[in-house]
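What follows draws every value from the coordinates through simple rules; no lab data is involved. Bear in mind that the values here come from a model prediction, so they are computed numbers and not experimental data.
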Amino acid sequence: MAFYHSIILSFNHSIIQSFYHSIIQSFNHSSNQAIKQSSNQA
């Protein structure tokens with residue numbers, strides 16, 4: 001039972017990590033685009 005529990009924990013951890021990673025990447029991309037646009041307008 002503990003074996004399955006550790007598998008589920010690591011599986012959830014990898015899903016959460018990839019989820020946060022994609023969110024952070026999209027956030028960085030949008031903020032970089034905003035910085036480029038504001039610097040172009042200046």
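Once you treat every alpha carbon in the chain as an equal point and sum by Debye, what is log10 I(q)/I(0) at q = 0.20, 0.27 Å⁻¹? Each listed q maps to, in turn, -0.67, -0.83.
In a fully extended conformation the segment linking ASN40 and ASN28 would gain 2.5 nm over its present Cα-Cα distance, using 0.36 nm per residue.
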